[in-house]
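The values are calculated or read from the model by the stated rules, or taken from the named source; none is laboratory data. All values reported here derive from a predicted model rather than from experimental measurement. Quick reminder, even Gly has a Cβ in these numbers, built from the backbone with ideal geometry, and neighbours come from all protein chains shown.
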Amino acid sequence: MIAGPQDALEVVQLRPEDDVERVAKRLETALKKLHVGESGEAVIFADLFGAAPANAAASLLRHRPNIEIVAGMNLPMLLECLLGREGVSARELAERAVVAGRESVRDVGDVIRTALAGAKPAGGDG
């Protein structure tokens, strides 16, 4: 992994036979393994808003009001949280993750075309 081995991190995979309830049970197991009590803080990342993992995490909010759920996960947002989580609340980590995720999404073709359009030919007046 880019950030090296990480403590206090669990991965819950979605299996083909899973429904929201099964994923929620595995999320609960992961939180307990991390010693996150019902009033404890944690950030849960999910791939898609409205899909089973995000819905399962959202179902935990009824009895775990201090968890944060970030859907639409990408690598920059995960790295932002893994590398800057010391002494930071789950709420702040979730906010940072969303900002990092938004800032990392780029239309590469548009970036290159814009840069090329602004570049002047070497040795000429343009």
> List pairs: first in the stretch 31-51 and charged (D, E, K, R), second exposed (fewer than 14 other Cβ atoms within 10 Å of the Cβ), Cβ under 7 Å, 6+ apart or cross-chain?
Replying inline: E38/H63; E41/S89
> Going by the structure shown, is A24 closer than 25 Å to A3 by Cβ, crowded, with 18+ Cβ neighbours inside 10 Å and hydrophobic (A, V, I, L, M, F, W, C)?
Replying inline: no
>> Given the criterion in a helix (DSSP H, G or I) and farther than 24 Å from D7 by Cβ, identify the matching residue among R96, R106, R102.
In response: R102
> Of all residues in the stretch 52-65 being surrounded by fewer than 16 Cβ atoms within 10 Å (Cβ to Cβ) and free of Cβ contacts under 8 Å to residues at least 12 places away in the same chain, which is nearest to E80 (Cα to Cα)?
Replying inline: L61
> Restricting the search to the stretch 63-92, which residues are under 19 Å from P5 (Cα atoms), in contact with a helix residue (DSSP H, G or I) (Cβ under 9 Å, 6 or more places away or on another chain) and either basic (K, R) or not in a loop (DSSP other than H, G, I, E, B) (or both)?
Replying inline: L75, P76, M77, L78, L79, E80, C81, R85
> Among the candidates V36, V11, which residue alone is crowded, with 16+ Cβ neighbours inside 10 Å and part of a loop (DSSP other than H, G, I, E, B)?
Replying inline: V36
>> Residue under question is V111, and the condition is that it be in a helix (DSSP H, G or I), modelled with pLDDT under 95 and either among the β-branched types (V, I, T) or on the phi > 0 side of the Ramachandran plot (or both); does it hold?
In response: yes
